[in-house]
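Undergrad: Encoded as C-alpha cells, here's the structure I'll be asking about.
The values are calculated or read from the model by the stated rules, or taken from the named source; none is laboratory data. Just so it is clear, the structure is predicted and the values come from calculations on it, not from any experiment. Cβ placement follows ideal geometry from the backbone for every residue including glycine, while neighbour counts extend to all protein chains displayed. In case anyone asks, the SASA skips ligands and DNA or RNA and just uses the protein heavy atoms, side chains included. Shrake-Rupley method; radii C 1.70, N 1.55, O 1.52, S 1.80 Å.
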Amino acid sequence: MSKSHLSAEVLLSALEQAIDATVIIDDKNNVIFFNKAAENLWGIPRQNVIGKNVSALVPLQHRADHDSFIDTNRRTGISKIVGTSREVEFARTDGEYICGELSLSKVLTGEDRIYYMGVMKNVTNESQQRKILILQNDVLQALASDMLIQDVADLLCRRVEGFVPGAVAVLMLIMPDGQLRVLSSPTLPKRYRAALETVQLSPSAMEKLRVDPSQANRLVWDSYRSLGISLGLQQCFSTPVKTQTGEVSGIFALYSRDDARRNSWPQRIVDSCIPFCALAFEQNATKQHISHLSNFDSLTGLLNRSSVHKVLEGMIAKQEGNHHFAIFMLDIDRFRDINDALGHVYADQFLVEIAHRIRSIAKDDYIVSRSGGDEFVVAVPNCRNDDAIKFAEMLISTIAKPMQIGQNTLTISCSVGISTFPDNGPDSESLLSNADVAMRQSKLDGRGTYRFANSEKNQVAQDRLVLGSALRDSLARGALNLHYQPQVRTHTLELCGVEALSRWHHPHLGNIFPSRFIAVAEETGQIEAIGRWSLQESCRQMVQWDKDGIHVPTVAVNLSAVHFRNRALPEYISNLLDHFNLTPDSLTVEITESVMMDSSSDTEEVLQAIRTLGAGLSMDDFGTGYSSLSRLTRLPLTEIKIDRSFINDFEHDTNAQAVTMAVIGIGSRLGMTVVTEGVETEQQRRLLEELKCDVMQGYLFAKPLAPKDLEQWVRQRRTIKDLADPTKKPKTVSEKNKPN
C-alpha cells in the first residue's frame with residue numbers, strides 16, 4: 001500500500017480497533033483520541049475524556065505535577081519516559097486495581113506542534129502474580145534462615161502493605177485458650193489493635209471459623225466497624241489461617257483506607273498469603289515443641305535438669321541484698337524395688353503422681369523440676385533454715401500418703417537434701433551438687449528424712465573432684481614418683497628388699513598424701529593406670545640401681561583389687577620383666593585382704609599365674625580386715641605383712657604380742673616370710689627378734705626414700721655395718737632356671 005492510501009482515517013480506524021488502550025493528547029495536554037480499549041481499561045466513557053486534560057487518567061498522587069512534567073519535555077526535549085515502557089498502577093473508577101504497561105511516543109507536526117501518544121497494555125494479572133512470587137520468595141527465605149515468628153510476620157505485613165496502596169496488614173495468632181493475639185501490625189492504630197486483642201473465641205466460634213471462612217470478617221471487622229471508620233479504615237479483607245490438619249491457628253487481615261469494594265486485588269493477596277502464614281505458624285509450633293522437649297521432662301511436664309540450671313542461674317543473677325533461696329533435692333526411697341515390682345508403665349504413673357503431689361504444695365513462684373529418674377528438685381525463694389525445715393517436712397509427709405497405682409496401694413518414703421543460696425555455693429552447679437550430697441546423707445542416716453548440706457562433706461566432694469582432674473593430668477605428664485622404704489632381715493639387719501610407695505607433689509596443690517590420692521584414683525577409675533606405672537617404674541629403678549652398683553634383692557609393689565580382675569595382668573608383668581632383663585624373684589606383688597576375700601575365678605587364676613611366673617605374692621596389712629585362714633592356705637602367697645596397728649603399743653600390749661606371735665607361727669608353718677611394718681623403737685625390734693619375725697620395716701631403719709637417698713642409705717649402711725656384699729647383683733634372665 002502506498003503512502004497516499006495511508007490516510008488519517010485509516011490510522012484512526014486501526015487505533016480504534018487496537019486491543020491495547022490508546023490515548024493521544026495535543027499540545028495543550030488535552031485528550032483528542034481515546035479508543036474503546038482505553039474506555040474498558042479506565043472504566044471511563046470516551047465523552048467524559050475527550051477534550052479534557054490528560055491528568056484525569058493519571059494516578060491521583062501524580063496529577064498535580066503531571067502537566068509540568070510534559071511541559072519540561074516539550075521545552076528541553078529531555079525525557080526519561082518517552083520512547084520507553086513502564087508499569088503504572090492506578091484504580092479504575094469502580095475501584096478495581098489496575099497495573100498497565102505504558103509506552104509513550106512523541107509526534108512533531110509540520111506546525112511545530114508536539115503531540116503524545118500513549119499505549120497502555122493491561123498486565124494486572126502478570127504484575128499481581130509477580131508480586132505474589134516475590135512475597136513467597138521473601139517469606140520462604142526468612143523461614144529458612146530460622147528467623148523468629150515475630151520478624152517473619154513483620155516482613156510479611158510490610159511487603160503486603162507495599163503491594164496494596166493504602167492498606168493495613170495484620171497477622172493474628174489464636175492462642176490455645178481462644179484469645180486473639182496480634183502478632184504483627186506495623187501500621188494498625190493502637191486502639192484498634194487493643195480492641196482485637198479482647199476477642200476470645202469459644203470452641204463453637206472456632207468451629208464456625210473452621211467451616212466458614214467469612215466468619216473471620218465478622219470477628220475482626222463487623223464488630224468494630226464504627227471504631228475502624230473513626231480511625232480511617234474503610235474496609236477489611238480477611239481469611240482464617242489453617243494448619244495441615246484443618247485446625248484454625250490464626251487470621252490474616254488487610255484493612256483498606258479506601259473504599260475498595262470492587263477491587264479484587266486485596267482479597268487475592270490475602271488468600272495468597274495464607275499458605276505462608278500457615279507455614280510460619282507450623283514452623284513456630286515445631287520450634288516451641290522442640291524447645292519444650294529440650295526444656296521439660298516429657299513424662300511429668302516439669303522442668304528438666306538442664307532447664308533448672310538456667311532458671312537457678314537467673315534467680316542467682318536477680319538476687320540482691322539479703323535475699324536467700326533454698327534447693328530441695330528429693331529422691332524416692334527404694335524406687336528400684338517399685339520399678340521392678342510394678343513394671344515400667346505403672347512406675348511411670350507413680351512418678352507422674354509424685355510430680356502432682358509436689359506441685360500441689362508448691363506455690364506459684366516455686367521452681368519444680370524432675371532432674372532424672374526418681375529425683376526431683378524444688379527451688380523455694382526467700383527461704384531460710386526454719387522455712388526450709390517446714391517445707392522439707394511437708395514434702396516428706398505429702399509423699400508418704402498412701403498411693404493407689406493400678407491394683408496396688410503403696411506407702412513410700414523419700415529422702416530430702418537441702419542446700420541454700422548463698423551459703424552452699426555461688427552457682428547452680430554447686431547448689432545442686434551440695435543438695436545431692438545432703439540427700440544421699442539422709443539416705444545413709446535412715447531414709448524418710450532430710451539433711452542440710454554440710455560444708456565439710458561438700459568440701460571433701462569438691463576436693464576429690466579437683467584432685468581427680470589434677471591426678472589425671474599428672475599421670476599423663478609423668479609427674480608422679482616412687483619412694484622406697486627398706487625392709488631388713490630381723491637377725492642380720494641386711495637389706496632384703498624395698499617397698500615402692502607412690503608420691504605426688506602438685507605444683508599448685510603441694511604434697512598430696514597417698515591416702516587421699518589413692519582413694520580418688522579408685523573412685524575416678526585411675527587406680528589401674530597408677531598400678532601399671534608403679535610396676536614399670538619399679539622395674540626401671542631396679543635396673544638403674546644395678547648399674548649404679550647398688551644391690552636391692554627385690555621390690556614390692558602395691559596393686560589394687562581391680563588389677564587382679566584383669567586377666568592380662570600376668571602377661572603385662574612377664575613382659576616388663578623381659579623388657580628390663582630382671583628375674584621374676586626381683587618383684588613382689590602386694591595384695592590387700594579385699595583381694596584375698598574375692599573368690600571369683602578371674603582373681604584366683606590371675607594370682608596363680610603371677611606366682612607361676614616366679615614373682616612373689618605378699619598379703620599386705622594382714623589382720624586388719626576379715627582374713628580367712630582357709631583362704632590363706634589356698635592362695636599361692638609367699639609373704640604376710642603384719643599391719644603397723646599391731647606394733648603401735650607393742651612393747652606394753654600383751655594381746656598385740658600374742659596376735660603377732662600367732663601370725664608369725666602361722667606364716668612359718670605355711671612356709672611364708674613374715675614382715676612386720678611400723679617398727680620404730682629398739683625395744684620393738686628386740687621383741688620381734690625374740691618372736692622370730694623374718695623381716696622388719698619401719699622408721700627405726702629408714703623412712704620411704706627417694707631413689708638417690710636410698711642409694712646413699714645403702715652405701716652408708718655398708719660402711720657402718722659392713723653387712724652387705726657389694727658384688728651381689730639381681731639375677732639376670734640367664735639365671736632364671738637356677739634354683740631359688
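Undergrad: Which of the residues belonging to segment 494-508 are at pLDDT below 90 and open to solvent by less than 80 Å² (accessible area, probe 1.4 Å)? Reasoning before the result, please.
TA: Within segment 494-508, the subset at pLDDT below 90 is 504-508.
Listed by number, the residues that qualify are TRP504, HIS506.
Undergrad: So which of ASP222, ASP271, ASP258 is surrounded by fewer than 14 Cβ atoms within 10 Å (Cβ to Cβ) and either under 30 Å from ARG370 (Cβ atoms) or not basic (Lys, Arg) (or both)? Reasoning before the result, please.
TA: Details: ASP271 fails: surrounded by fewer than 14 Cβ atoms within 10 Å (Cβ to Cβ); ASP258 fails: surrounded by fewer than 14 Cβ atoms within 10 Å (Cβ to Cβ).
Of the residues listed, the single one that is surrounded by fewer than 14 Cβ atoms within 10 Å (Cβ to Cβ) and either under 30 Å from ARG370 (Cβ atoms) or not basic (Lys, Arg) (or both) is ASP222.
Undergrad: Also, quick follow-up: On the basis of being closer than 22 Å to ARG565 by Cβ and either over 53 Å from the mean Cα position of the chain (by Cα) or modelled with pLDDT of 85 or more (or both), does MET661 make the cut?
TA: Details: closer than 22 Å to ARG565 by Cβ: no; either over 53 Å from the mean Cα position of the chain (by Cα) or modelled with pLDDT of 85 or more (or both): yes.
No; evaluated as a whole, the condition is false for this residue.
Undergrad: For segment 681-720, what are the residues that are more than 60 Å from the chain's Cα centre (by Cα), assigned to a helix (DSSP H, G or I) and of a type in the set (D, E, K, R)?
TA: Going through segment 681-720, the residues more than 60 Å from the chain's Cα centre (by Cα) turn out to be 681-694, 715-720.
Cutting the leftovers down to assigned to a helix (DSSP H, G or I) gives us 682-690, 715-720.
Hits for segment 681-720 are GLU682, ARG685, ARG686, GLU689, GLU690, ARG715, ARG717, ARG718.
Undergrad: Report whether or not ARG159 is of a type outside the set (A, V, I, L, M, F, W, C), surrounded by 13 or more Cβ atoms within 10 Å (Cβ to Cβ) and within 30 Å of THR286 (Cβ to Cβ).
TA: Details: of a type outside the set (A, V, I, L, M, F, W, C): yes; surrounded by 13 or more Cβ atoms within 10 Å (Cβ to Cβ): yes; within 30 Å of THR286 (Cβ to Cβ): yes.
Yes: the conditions hold for ARG159.
Undergrad: Another question, then. Of these, ASP177, ASP271, which one is within 25 Å of LEU143 (Cβ to Cβ) and either more than 39 Å from the chain's Cα centre (by Cα) or not in a helix (DSSP H, G or I) (or both)?
TA: Working: ASP177 fails: within 25 Å of LEU143 (Cβ to Cβ).
Answer to the selection: ASP271.
Undergrad: Also, quick follow-up: Output the number of residues of segment 97-144 satisfying the condition of being within 15 Å of ASP26 (Cα to Cα), basic (Lys, Arg) and outside any loop (DSSP other than H, G, I, E, B).
TA: 1
Undergrad: Any idea which residue in segment 602-621 is modelled with the lowest pLDDT, counting only those that are charged (D, E, K, R) and in contact with a strand residue (DSSP E or B) (Cβ under 6 Å, 6 or more places away or on another chain)? Reasoning before the result, please.
TA: Taking segment 602-621 first, the residues charged (D, E, K, R) are 602, 604-605, 611, 620-621.
Those still in the list that are in contact with a strand residue (DSSP E or B) (Cβ under 6 Å, 6 or more places away or on another chain) too: 611, 620.
Working: ARG611: 92, ASP620: 85.
My answer is ASP620.
Undergrad: Additional query: I'm told GLU87 meets every condition in (1) without any contact (Cβ under 8 Å) to a residue 40 or more places away in the chain; (2) open to solvent by 70 Å² or more (accessible area, probe 1.4 Å); (3) under 60 Å from the mean Cα position of the chain (by Cα) except one. Can you identify the failing condition by its number?
TA: (1)
Undergrad: Let me ask another. Looking at segment 184-197, is at least one residue open to solvent by less than 10 Å² (accessible area, probe 1.4 Å), assigned to a strand (DSSP E or B), under 23 Å from LEU279 (Cα atoms) and touching a residue at least 60 places away in the same chain (Cβ under 8 Å)? Outline the logic, then answer.
TA: Initial filter on segment 184-197 (open to solvent by less than 10 Å² (accessible area, probe 1.4 Å)): 184, 192, 196.
This time we only want the ones that are assigned to a strand (DSSP E or B), so: 184.
Restricting the remaining residues to those that are under 23 Å from LEU279 (Cα atoms) gives 184.
Those still in the list that are touching a residue at least 60 places away in the same chain (Cβ under 8 Å) too: none.
Within segment 184-197 (the criterion being open to solvent by less than 10 Å² (accessible area, probe 1.4 Å), assigned to a strand (DSSP E or B), under 23 Å from LEU279 (Cα atoms) and touching a residue at least 60 places away in the same chain (Cβ under 8 Å)), the answer is no, since none of the residues qualifies.
Undergrad: Among residues belonging to segment 34-80 that are touching an Asp or Glu at 6+ places or on another chain (Cβ under 8 Å) and over 15 Å from GLY118 (Cα atoms), point out the one that is modelled with the lowest pLDDT.
TA: ARG74
Undergrad: Let me ask you something else. Look at segment 440-453 and say how many of its residues are open to solvent by less than 70 Å² (accessible area, probe 1.4 Å) and at negative phi. Lay out the reasoning, then the answer.
TA: First pass over segment 440-453, keeping only residues open to solvent by less than 70 Å² (accessible area, probe 1.4 Å): 441-443, 446, 448-450, 452-453.
Next cut, at negative phi only: 441-443, 449-450, 452-453.
Within segment 440-453, residues that are open to solvent by less than 70 Å² (accessible area, probe 1.4 Å) and at negative phi number 7.
Undergrad: Hey, can you tell me all the residues within segment 638-651 that are of a type in the set (Lys, Arg) and part of a helix (DSSP H, G or I)? Please lay out each step first, then the result.
TA: Taking segment 638-651 as the starting set, the residues that turn out to be of a type in the set (Lys, Arg) are 641, 644.
Scanning segment 638-651 gives a single hit, ARG644.
Undergrad: Among ASN217, ASN284, which is open to solvent by less than 70 Å² (accessible area, probe 1.4 Å) and within 28 Å of GLU89 (Cβ to Cβ)?
TA: Details: ASN284 fails: within 28 Å of GLU89 (Cβ to Cβ).
So the residue among ASN217, ASN284 that is open to solvent by less than 70 Å² (accessible area, probe 1.4 Å) and within 28 Å of GLU89 (Cβ to Cβ) is ASN217.
Undergrad: Of everything in segment 630-646, what is of a type in the set (A, V, I, L, M) and either surrounded by fewer than 17 Cβ atoms within 10 Å (Cβ to Cβ) or at pLDDT 80 or above (or both)? Give them in sequence order.
TA: At the first step, the residues of segment 630-646 found to be of a type in the set (A, V, I, L, M) are 632, 635, 637, 640, 642.
Result: LEU635, LEU637, ILE640, ILE642.
Undergrad: Go through segment 239-252 and give me each residue that's in contact with a helix residue (DSSP H, G or I) (Cβ under 9 Å, 6 or more places away or on another chain) and either part of a helix (DSSP H, G or I) or farther than 19 Å from GLN128 by Cβ (or both). Steps first, answer last, please.
TA: At the first step, the residues of segment 239-252 found to be in contact with a helix residue (DSSP H, G or I) (Cβ under 9 Å, 6 or more places away or on another chain) are 239-244, 246-252.
Across segment 239-252, the qualifying residues are PRO240, VAL241, LYS242, THR243, GLN244, GLY246, GLU247, VAL248, SER249, GLY250, ILE251.
Undergrad: Being under 26 Å from LEU233 (Cα atoms) and touching a residue at least 40 places away in the same chain (Cβ under 8 Å) is the requirement here; does LEU201 meet it? Steps first, please.
TA: Working: under 26 Å from LEU233 (Cα atoms): yes; touching a residue at least 40 places away in the same chain (Cβ under 8 Å): no.
Spelling it out, it is not the case that LEU201 is under 26 Å from LEU233 (Cα atoms) and touching a residue at least 40 places away in the same chain (Cβ under 8 Å).
Undergrad: Restricted to segment 397-439, and to residues that are among the β-branched types (Val, Ile, Thr) and open to solvent by 30 Å² or more (accessible area, probe 1.4 Å), which residue is nearest to ALA362 (Cα to Cα)?
TA: Residues of segment 397-439 that are among the β-branched types (Val, Ile, Thr), as a first pass: 398-399, 405, 409, 411-412, 416, 418, 420, 437.
Next, only the ones that are open to solvent by 30 Å² or more (accessible area, probe 1.4 Å) stay: 409, 411, 437.
Details: THR409: 25, THR411: 21, VAL437: 23 Å.
For segment 397-439, the residue satisfying everything is THR411.
Undergrad: Give GLN136, GLN141 a once-over and let me know the one that is touching a helix residue (DSSP H, G or I) at 6+ places or on another chain (Cβ under 8 Å) and not charged (D, E, K, R). Spell out how you get there, then give the answer.
TA: Numbers: GLN141 fails: touching a helix residue (DSSP H, G or I) at 6+ places or on another chain (Cβ under 8 Å).
On inspection, the qualifying residue turns out to be GLN136.
Undergrad: Only residues that are crowded, with 18+ Cβ neighbours inside 10 Å and in a loop (DSSP other than H, G, I, E, B): list them for segment 652-680, please.
TA: MET672, GLU677, GLY678, VAL679
Here is a yes/no grid of residues against (1) farther than 30 Å from PHE391 by Cβ; (2) at pLDDT below 80; (3) exposed (fewer than 13 other Cβ atoms within 10 Å of the Cβ):
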position	(1), (2), (3)
SER455	no, yes, yes
LEU467	yes, yes, no
ASP473	yes, no, yes
ALA476	yes, no, yes
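Undergrad: Could you tell me how many of the residues in segment 552-564 are in contact with a strand residue (DSSP E or B) (Cβ under 8 Å, 6 or more places away or on another chain), part of a loop (DSSP other than H, G, I, E, B) and open to solvent by 10 Å² or more (accessible area, probe 1.4 Å)?
TA: 2
Undergrad: Working only within segment 13-47, note down all residues that are part of a helix (DSSP H, G or I), open to solvent by 40 Å² or more (accessible area, probe 1.4 Å), under 17 Å from MET120 (Cβ atoms) and not aliphatic (A, V, I, L, M).
TA: Matches in segment 13-47: GLU16, GLN17, LYS36, ASN40, ARG46.
Undergrad: Tell me, which residue of segment 103-146 that is of a type in the set (Lys, Arg) and within 60 Å of the chain's Cα centre (by Cα) is most open to solvent (accessible area, probe 1.4 Å)? Steps first, please.
TA: From segment 103-146, those of a type in the set (Lys, Arg) are 106, 113, 121, 130-131; that's our starting set.
Subsequent filtering for residues that are within 60 Å of the chain's Cα centre (by Cα) retains 130-131.
Working: ARG130: 102, LYS131: 21 Å².
In this case the residue turns out to be ARG130.
Undergrad: Which pairs do you get when a residue that is farther than 27 Å from GLN608 by Cβ, found in segment 543-571, comes within reach of a residue that is open to solvent by 50 Å² or more (accessible area, probe 1.4 Å), reach meaning Cβ atoms under 7 angstrom, with the pair 6+ apart or on two chains?
TA: Matching pairs, first to second residue: ASP546/LYS729; GLY549/PRO726; HIS551/LYS728; HIS551/LYS729.
Undergrad: Sticking with this one: Name the pairs whose Cβ atoms lie under 8 Å apart, with the first residue in segment 506-532 and over 20 Å from VAL557 (Cβ atoms), the second modelled with pLDDT of 80 or more and open to solvent by 50 Å² or more (accessible area, probe 1.4 Å), and 6 or more positions between them or separate chains?
TA: Every condition considered, the pairs that remain are ASN511/ARG503; ASN511/HIS505; THR524/ARG472.
Undergrad: Same structure, new question: Please verify whether ASP297 is among the charged types (D, E, K, R) and modelled with pLDDT of 80 or more, treating the condition exactly as stated. Even if it seems obvious, please write down each step before you answer.
TA: Details: among the charged types (D, E, K, R): yes; modelled with pLDDT of 80 or more: no.
It is false that ASP297 is among the charged types (D, E, K, R) and modelled with pLDDT of 80 or more.
Undergrad: Go through segment 541-551 and count every residue that is of a type in the set (A, V, I, L, M) and surrounded by 17 or more Cβ atoms within 10 Å (Cβ to Cβ). Before the answer, list the steps.
TA: Let us first name the residues in segment 541-551 that are of a type in the set (A, V, I, L, M), namely 542-543, 550.
Going one step further and asking which of them are surrounded by 17 or more Cβ atoms within 10 Å (Cβ to Cβ), we end up with 542, 550.
Residues that pass the stated criteria total 2.
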